[in-house]
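Structure, as structure tokens:
The values are calculated or read from the model by the stated rules, or taken from the named source; none is laboratory data. Worth saying up front: this structure is predicted, and the values here are computed from it rather than measured. Methodologically, a virtual Cβ is constructed for each residue, glycine included, from the backbone with ideal geometry; neighbour enumeration extends over all protein chains shown. Surface accessibility is based on the protein's heavy atoms, side chains included, excluding ligands, DNA and RNA. Shrake-Rupley method; radii C 1.70, N 1.55, O 1.52, S 1.80 Å.
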Amino acid sequence: MLRTLDVRLALKSLAMLVPTFLLGIAAAQVPLTQISSDTFTNTSSQHETEVEPASYSVGNTIVTLFQIGRFTDGGASDIGFSTSTNGGVTWTHGNLPGITKVEGTGKYDRASDPSITYNTKFKVWLAETLALSSFGGAHGAAVLVSSSADGITWSNPVTVSTVEQGGFYDKPWIGCDNTPTSKYYGNCYMEWDDFSLFDLIEMSTSHDGGKTWSFKKTTAASDSGNGGIPLVQPNGTVIVPIDDPFLSSVLAFKSTDGGNSWTSTVTVAIIDEHGVAGGMRALPLISAQMDAAGTVYVAWADCRFRANCTSNDIVYSTSANGTNWTAPKRVPIDLTSSTVDHFTPGFAIQKGTSGSTAHIGLTYYFFPKASCGSVCNLSVGYISSSNGGSTWSAAQTLAKGINPSWLPSTTSGQMTGDFIATSFVDTKAHGVFATAKAPVGSTLNEAMETNQFGMPDVSPDEPQFSSANDKPVPNAHSDVPRRTQPHRDDER
């Protein structure tokens, strides 16, 4: 079933886009559009809930995916989609077919961890899903890929890999080679891990637009990791940034032969993690993008610039070859003396931009006061750079006033999702994120939203902010104990 939402507003609403700045954070809230809603009614999961968006754009089309009807111990009733073919003016949304029993046409119990991409050679949208089985406890049972010519009508999925008995797949992600001059043009690459094998990293490659997939392969050293994101350089080299199994450092590995083999991991940086308040599930998982020249940007939440690790900034590192990485830099959303805690980044780079002219958009969650205890105000922010991160605009608030108790519960905290998303249409960015209002009785009220108008590029006369002189605190370290077990979706 498809639903269409018209998001046109009167021109006078544009006045709401003019920000008033305080310490680099805009006080004016940007008008939003709800792009989907949870219509499931099964009693086994939480409604109305939508979490963990992914998005990708080509031309004027933006396709988003997310979990609908979140289960407490992992996964959701199905994966939903919402697609705009006119740059975010109107949206059509529905559910991916052929995955779950709850949706009615699939064989799996639940669905989780979606990602989305487009294959230019085969002119097809590819939606990745982690299918879950409830037998013996909820666990990742298979990695699936659905396809669509228009981002609205979707096929039943094909299977990339099915878990062996006792296995536990987690955190898959898909990326494709879309450079016509690449030797491996049209290849698509899938990464996931197997928790039962200490988060063993596994990779598969498709040569035919996602119709068939190779048998899974490991890195040269059979490395472990969680939440890898395959990114393909113009020359066909695939670089995969990834967290380690304990979410305590960022790693990366690559392939230079079209996925036939994968190198061992190298360390990008240690993660210094501030424990997020409000009972939130807010993990230091990465977000990663590549500019048009092939430079990878990988971002995560980190407290290394804050005395005593009192809150997280969004930090990032870059690499032109996947082996050598820059020291992490801080996104200057506010002063390092502020009380703000920033987490769950969604990083995007405008297509065709690179180097000193790379146009970066970053959507993220934040608490205005890190030490908010049980009285927290979850908010969504956006910030951009038009020069590859040398300077940044003043941040803008996209949403605010969300009580974490309004979010679906999981075995590791209240959830908006382990990821958030940003995509560009031309020069304008659309963040995609979960927001929530107060529940109605026992029914929650959480849905996917986006900024109604694309966030424009930075105007030359707007104030700019830099973190060039910011230095990490000596002997910086996390203020929470290091994990002793690899992370998994139903982490307790």
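Between V266 and V480, the simple spin-label model (points 7 angstrom out along Cα→Cβ) gives 2.9 nm. With a ≥ b ≥ c the root eigenvalues of the C-alpha gyration tensor of the range 110-186, is it rounded (a/c under 1.5), prolate (a/b larger than b/c) or oblate? Prolate shape, in that a/c is at least 1.5 and a/b is the bigger ratio.
Determine the shape class of the range 50-198: with a ≥ b ≥ c the square roots of the Cα gyration tensor eigenvalues, call it rounded for a/c under 1.5, and otherwise prolate if a/b is greater than b/c, oblate otherwise. In terms of gyration-tensor shape, oblate.
Put simply, the range 72-119 fits an ellipsoid with semi-axes of 24, 12, 11 Å; these come from the alpha carbon gyration tensor as the roots of five times its eigenvalues, largest first. When you count the other C-beta atoms within 10 angstrom of each residue and take the mean per peptide, 387-398, 152-163, 470-481 line up highest first as 387-398, 152-163, 470-481. Enumerate the aspartates and glutamates that K101 could reach by cross-link, defined here as Cα to Cα under 12 Å, with residues fewer than 8 away along the same chain left out. By straight Cα distance, K101 reaches D78, D109. In the frame of its principal axes, the chain has Cα extents of 53, 51, 44 Å, reported largest first.
Accessible area ranking (1.4 Å probe, heavy atoms, ligands and nucleic acids excluded), largest first, for R488, R281: R488, R281.
Which of the three applies to the range 33-73, rounded, prolate or oblate, going by the alpha-carbon gyration tensor with a ≥ b ≥ c and a/c under 1.5 meaning rounded? Taking the square roots of the gyration eigenvalues as a ≥ b ≥ c, the range 33-73 is prolate.
In plain terms, the C-alpha convex hull of the range 231-343 casts an average shadow of 7.5 nm² when viewed from every direction. Each residue of the range 421-492 gets 247 Å³ once the volume of the Cα convex hull is shared out per residue. Charge dipole of the chain (Cα centre as origin; +1 on each Lys and Arg Cβ, -1 on each Asp and Glu Cβ, all else neutral): 500 debye, rounded to the nearest 20. Largest accessible area first, the listed residues R70, R110, R482 line up as R482, R110, R70 when surface is computed with a 1.4 Å probe on the assembled protein chains. Normalised by 2.2 N^0.38 Å, with N the number of residues, the alpha-carbon radius of gyration of the range 270-315 equals 1.35. A probe of 1.4 angstrom, applied to the heavy atoms of all protein chains, finds E48 with accessible area near 70 square angstrom. One decimal place: the segment F215-S405 gains 64.1 nm when fully extended, by the rule 0.36 nm per residue minus the C-alpha distance. Here the range 282-412 is treated with +1 on each Lys and Arg Cβ and -1 on each Asp and Glu Cβ, and its dipole about the Cα centre works out to around 60 debye.
Give me the tail of P(r) for the range 353-446 as a percent: Cα-Cα pairs with distance above 18 Å. That tail contains 54 percent of the Cα-Cα pairs.
Taking only the alpha carbons of the range 304-397, we obtain Rg and Dmax values of 14.2, 44 Å in that order. With 18 Å as the limit, write out which pairs from K216/K254; K107/K217; K183/K216 have Cα-Cα distances beyond it, or answer none. From the list (K216/K254; K107/K217; K183/K216), the Cα-Cα distance tops 18 Å for K107/K217; K183/K216.
The residue list G279, A320, L251 was ranked by how far each Cα lies along the charge dipole of the range 199-358 toward its positive end, using unit charges on Cβ atoms, and A320 comes out on top.
Share of pairwise Cα-Cα distances greater than 21 Å in the range 147-236 is 36 percent (whole percent).
With the contact rule set at Cα under 8 Å and sequence spacing of 6 or more, what percent relative contact order holds for the chain? Here the relative contact order equals 15 percent.
Taking the three principal axes of the alpha carbon atoms in the range 333-387, the coordinate ranges are 44, 20, 10 Å, sorted in descending order.
Considering only F343, S133, S261, the residue lying farthest towards the positive end of the dipole of the chain is F343, judged by Cα position with unit charges set on Cβ.
For each pair in K329/K400; K123/K351; K400/K471; K351/K428; K369/K400, compute the distance between the two Cα atoms and list the pairs where it is over 22 Å. Exceeds cut-off: K329/K400; K400/K471. Computed over protein heavy atoms with a 1.4 angstrom probe, the accessible surface ordering of Y364, Y184, largest first, is Y184, Y364.
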